[in-house]
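Quick notes on the structure that follows.
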Amino acid sequence: MGASDVLPRAPDRDAREQEVAERVLRSVVHRGLAPDAGVRTLVVPAGRFNGDLLLTARHPGGRLHLLLGDFVGHGLQAAIGALPAADTFRTMTAKGFAIGEIATELNAKLRELLPPSFFLAAALLELDFERRRLTLWNGGLPDVLRVRTGAGVVERFPSRHLPLAIEPPARFDASTQVAPIHPDDLLLVHSDGLLDLRAPDGMPFGEERLAQLVRAGTSAGDGELLDAIAAAVELHRKDRALDDDLTLAVVACRPVEPVEPLPTPRSDPAARSTALPWSTSLRLEAEALATLDPLPLLLQQVAELRGPIHERTTLFLVLQELWSNAVDHGVLRLDSHQKRDAPGFDAYLERRATALRELRDGFVEIRLRQEPRENGGRLRIRVEDSGPGFDLAHARAKESATEERLRLCGRGLELVRSVCESLVVSGRGNVIEAVISWDWSGR
């Protein structure tokens, strides 16, 4: 009996490949996780296996990250690409990386691992519910739509980039689109399988049909809108086989508790009683302030040094607010009152981007020091900026100075103080120290 006698026929091999690909995606990529509670989805595969990729994950600060991708190719090809894409997206989100940084890493990893003809058209979204802000990177997918009750489509976010895995890392463009969002807004993200869906007579579903559904459906809510689109898809195709996978996500812009807990790495039980004394510092000068995000690095250092990583959400909140305060209001001297409404917020972001590009002098220094305590520990976070600060000499006491600093810089620092043991302003008003404490005996 020769080798050809034991090899499966081509149709059998194709079926086996589809089965393996489906099992890989179900067990490794999807892991049985439900979509985020704020995301409704419609998934209609063209065959047994869906070559589209839809992932959601929560940032340590509570922001929602979403990735919708459309692989060129199906079966094992898509499964092979989905594995590193899903792992990179989830891991980097959990570590606090921004959408542009995640897109950069996805592009580099997929380009390294996959054949030259293989790529991933993708949209990555970050919804910051606290600041009512959308950050988006779109490479090769149809327009992402922002819709509103009674108004239909109010904004489109077209693709501004090539799909992932095409450009070499040196030429990759990670720039993102940023826009304000309203709690009543919905975002529609979909693969091109929706617009290209053909009726038996060959007529495509098209953008105008989708816009009409949006205008009619946004008065009812995200669930009803999704149901209306799903019904229109079935009516349009009339049991005709799909030429391409169809994936649609309707994302609520209002805060919704996640289905899964916020990302927290597994901690070593032995570390609970062995908090170690350590200190570390990071100083970023003008050019670095405009290009680098130090928070993922600092979170990783805290994890490796047995810091309070079980308090990851609190830690990220404190670092983020103190960092933003030092850069925006310390070094750049921006007025937070400009962010009171949507037009003001847009103008604020433009001024911030311009100020960072033009910045030639200045620094922000972050110092972390951990102090062990019985059954727990204390982490001191000290942030100093090169800004002029404000005159503390006229303050009656340090607490009143702190109140003035909080009032001047908005409610972000009030939120920091609410989760910290203490929050103190010193120097000339350009130094803030926050203390996070924890006690294992209470856990």
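What the table below lists for this structure:
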read-out: Residue match in the stretch 124-138 (condition: of a type in the set (Val, Ile, Thr), surrounded by 18 or more Cβ atoms within 10 Å (Cβ to Cβ) and out of contact with any helix residue (DSSP H, G or I) (no Cβ under 6 Å at 6 or more places or on another chain)); value: no
read-out: Pair list, Cβ < 6 Å and 6+ apart or interchain, from the stretch 430-443 residues that are under 18 Å from residue 324 (Cα atoms) to residues that are in a helix (DSSP H, G or I) and modelled with pLDDT of 90 or more; value: 430/330; 432/322
read-out: Any chance residue 164 is more than 20 Å from the chain's Cα centre (by Cα), crowded, with 21+ Cβ neighbours inside 10 Å, of a type outside the set (Ser, Thr, Tyr) and within 30 Å of residue 115 (Cβ to Cβ); value: no
read-out: Test for residue 321: is it under 20 Å from the mean Cα position of the chain (by Cα), closer than 18 Å to residue 436 by Cα and among the acidic types (Asp, Glu); value: yes
read-out: Among (1) over 30 Å from residue 92 (Cβ atoms); (2) at pLDDT below 85 - the single one residue 267 does not satisfy; value: (1)
read-out: Test for residue 167: is it modelled with pLDDT under 90 and of a type outside the set (A, V, I, L, M, F, W, C); value: no
read-out: Subset of the stretch 310-349 that is β-branched (Val, Ile, Thr) and buried (at least 19 other Cβ atoms within 10 Å of the Cβ) - its residue that is modelled with the lowest pLDDT; value: 318
read-out: Breaking point among (1) farther than 21 Å from residue 125 by Cα; (2) modelled with pLDDT under 85; (3) surrounded by 13 or more Cβ atoms within 10 Å (Cβ to Cβ), for residue 221; value: (1)
read-out: The listed residue being part of a loop (DSSP other than H, G, I, E, B), small (Gly, Ala, Ser), within 26 Å of residue 228 (Cα to Cα) and at pLDDT 70 or above, out of 46, 34; value: 46
read-out: Filter pass, residue 154 being at pLDDT below 90 and surrounded by fewer than 23 Cβ atoms within 10 Å (Cβ to Cβ); value: no
read-out: Answer residue from the stretch 372-427, given it is at pLDDT 90 or above and of a type in the set (Val, Ile, Thr) and is farthest from residue 275 (Cα to Cα) among those; value: 424
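The values are calculated or read from the model by the stated rules, or taken from the named source; none is laboratory data. Keep in mind that what you see is a predicted model, and the values were worked out from it rather than measured. Glycine also receives a Cβ, built like all others from the backbone with ideal geometry; neighbour counts cover every protein chain displayed.
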